[in-house]
Amino acid sequence: MVGGFEVGAVPFNPDGWGPPDAATTVSSASTLPLNVPFAPFSRSDKLGRIADWTRNFNNPTRPKGTADAVFDFTNDDSFPASADDDSTFRLVDGKPPPRPKFGPRWRFQQQRQLPQRRDEEVEARKREAEKERARRDRLYNLNRSNANNNRREAAVFKSSVDIQPEWNMLDQIPFSTFSKLSFTVPEPEDLLLCGALEYYDRSYDRITPKNERRLERFKNRNFFKVTTTDDPVIRRLANEDKATVFATDTILSTLMCAPRSVYSWDIVIQRVGNKLFFDKRDGSQLDLLSVHETSQEPLPEAKDDINSAHSLSVEAAYINQNFSQQVLIRDGNKVNFDEPNPFANEGEEVASVAYRYRRWKLDDDMYLVARCEVQSVVELNKQRSFLTLNALNEFDPKYSGVEWRQKLETQRGAVLATELKNNANKLAKWTAQALLASADMMKLGYVSRVHPRDHFNHVILAVVGYKPRDFAGQINLNTANMWGIVKSIVDLCMKLNEGKYVLVKDPSKPQVRIYEVPADAFENDYVEEPLPEEEQAQPPTEGADGDATAATNDVEDKQTDAQA
């Protein structure tokens, strides 16, 4: 049993402060040990450690510091057993404290200090380094590509038309020359307005992903995709010498936005006398809408895949037509114009569309007439405003990387930026068509599949309106450059002899080529090697083109009889 701790007697000094003299305070009753050394110190001295278990005193040449010497009692006779204890005492761990493994010195000495790795670890490190290098290369190539050069090198695109051996190539124009062109045209004049428009339903502006609406189908309404020379109104205007150059807004927008295109397209050019007609072939790719054209992610190449370029183009055209009719107030109240729809038969139900035949002055003796389309009308402050209606479609979020249902409400700008990156050409063409028609507003709908593997059922997630000129500035679409491209191609074609030509976008290079073709090219009796049937671009809706062709032939017969 260990005894209690005795403090001992505390002497009293009656003569002053502090302890009394040593001679008078020593008593036999004191229990304090004798000859205990006193370590004097001043305030400037550093106090040493009472016990330091990390220091190694095995080195006899190590100089002892003052902090160690003050509390070193090994040579004091008052502690005779201390020497024996010190001779047998050994530290448990005599290693120095570990040094931090960072800094330039460690970085250079790391290779020789590391122990030998197993083969598996070495291979794993090599694989990780290879992945990191590939990722850096991919990011570098992505950042290095610009708006005119972001082509998917791995994908191989086919030409929109088979180049026949008897065709004579006259010229090829790289897109780099288009960027330097500029031409200013005065305000156009309206020659004629045809068709009828229904009013826009403003309730669709309040749609959000939480209260989405199912996309309806309008199989009874006919949509017409009539080319320039098959338009009876354009034929009439050409006979009246109203202009020198004739085209449609679809063809003009394709030319204006050619530098942004990646897929191949073609335009038929006919020089008749002193007049120039820009046409499209029957079943042309211009009747469809491209999807993911300017994206870096390649689409599946299988023709029967629902996410292939062709399947998505047909799906996008189908969505665009149905969307343009669903967002209208279908109560029979319409705005009728000078003439009815020139392509519809009497009593036939047609889609809400108005055709504005407009004329631009390209030169002192050169005018251009184009048929422009608007899809709806709205009353704002007792003023009538024309609208164009188009729909963007989401098919699989893993291709775009943006989930519309999650981002449309909180990050709508990010969704639009992604669409501008993946569909730059399509959005630019829609904006150009709205500018050509002088539409007051362009409505963009966000339409998504009900399920990524279901390409028949869709829902409307949101509808956003933009002013065409403001949106053109936002997507860096220069109006002067657009007209400069059209003017240069018109001037080039006016120097050609009378005949038929075709302007083809190269499927793999950013350039267009002009071919001289036989007069009966692309006609029904023209013998050529056609593309396989499964590779032909089909019309977007069932029976629409057949009705359009029939209606066009009827109107042409009436026009011929009237002229006779």
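The values are calculated or read from the model by the stated rules, or taken from the named source; none is laboratory data. Predicted model, so just to flag it, every value in this text is computed and none were measured. With ideal geometry, Cβ positions are generated from the backbone for all residues, glycine too; neighbour counts draw on all protein chains shown. For the accessible areas, the whole protein counts, side chains as well, though only heavy atoms, and no ligand, DNA or RNA atoms are used. Shrake-Rupley method; radii C 1.70, N 1.55, O 1.52, S 1.80 Å.
Taking segment 260-284 only, how many residues are in a helix (DSSP H, G or I) and surrounded by fewer than 22 Cβ atoms within 10 Å (Cβ to Cβ)? Residues that pass the stated criteria total 0. Scanning segment 287-308 for residues that are among the hydrophobic types (A, V, I, L, M, F, W, C) and either surrounded by fewer than 21 Cβ atoms within 10 Å (Cβ to Cβ) or in contact with a strand residue (DSSP E or B) (Cβ under 6 Å, 6 or more places away or on another chain) (or both) gives Ala302, Ile306.
So for segment 316-327 (the condition being in contact with a helix residue (DSSP H, G or I) (Cβ under 7 Å, 6 or more places away or on another chain), in a loop (DSSP other than H, G, I, E, B) and either open to solvent by 40 Å² or more (accessible area, probe 1.4 Å) or at pLDDT 90 or above (or both)), does at least one residue qualify? Checked against the condition, which is being in contact with a helix residue (DSSP H, G or I) (Cβ under 7 Å, 6 or more places away or on another chain), in a loop (DSSP other than H, G, I, E, B) and either open to solvent by 40 Å² or more (accessible area, probe 1.4 Å) or at pLDDT 90 or above (or both), segment 316-327 yields at least one hit. The lone criterion from (1) at pLDDT 90 or above; (2) open to solvent by less than 30 Å² (accessible area, probe 1.4 Å); (3) among the small types (Gly, Ala, Ser) left unmet by Ala155 is number (1).
Within segment 452-469, the only residue that satisfies the criterion of being aromatic (Phe, Trp, Tyr) and over 21 Å from the mean Cα position of the chain (by Cα) is Phe456. When Gly332 is evaluated against the numbered criteria (1) open to solvent by less than 20 Å² (accessible area, probe 1.4 Å); (2) on the phi > 0 side of the Ramachandran plot, which criterion, by number, is the only one it fails? For Gly332, the exception is condition (1).
Considering only residues in segment 181-207 that are hydroxyl-bearing (Ser, Thr, Tyr) and within 21 Å of Val378 (Cβ to Cβ), the one that is surrounded by the most Cβ atoms within 10 Å (Cβ to Cβ) turns out to be Tyr200. Name the residues in segment 416-429 that are farther than 13 Å from Gln474 by Cβ and either open to solvent by less than 20 Å² (accessible area, probe 1.4 Å) or without any contact (Cβ under 8 Å) to a residue 24 or more places away in the chain (or both), would you? Listed by number, the residues that qualify are Thr418, Asn422, Asn423, Asn425, Lys426.
May I ask you to say which residue of Tyr357, Tyr367 is surrounded by fewer than 19 Cβ atoms within 10 Å (Cβ to Cβ), modelled with pLDDT of 90 or more and not in a helix (DSSP H, G or I)? Even if it seems obvious, please write down each step before you answer.
Values: Tyr357 fails: surrounded by fewer than 19 Cβ atoms within 10 Å (Cβ to Cβ).
Criteria check complete, one pass: Tyr367.
Of the residues making up segment 287-315, those that are of a type in the set (A, V, I, L, M, F, W, C), touching a His at 6+ places or on another chain (Cβ under 9 Å) and assigned to a loop (DSSP other than H, G, I, E, B) are Leu288, Leu299, Ile306.
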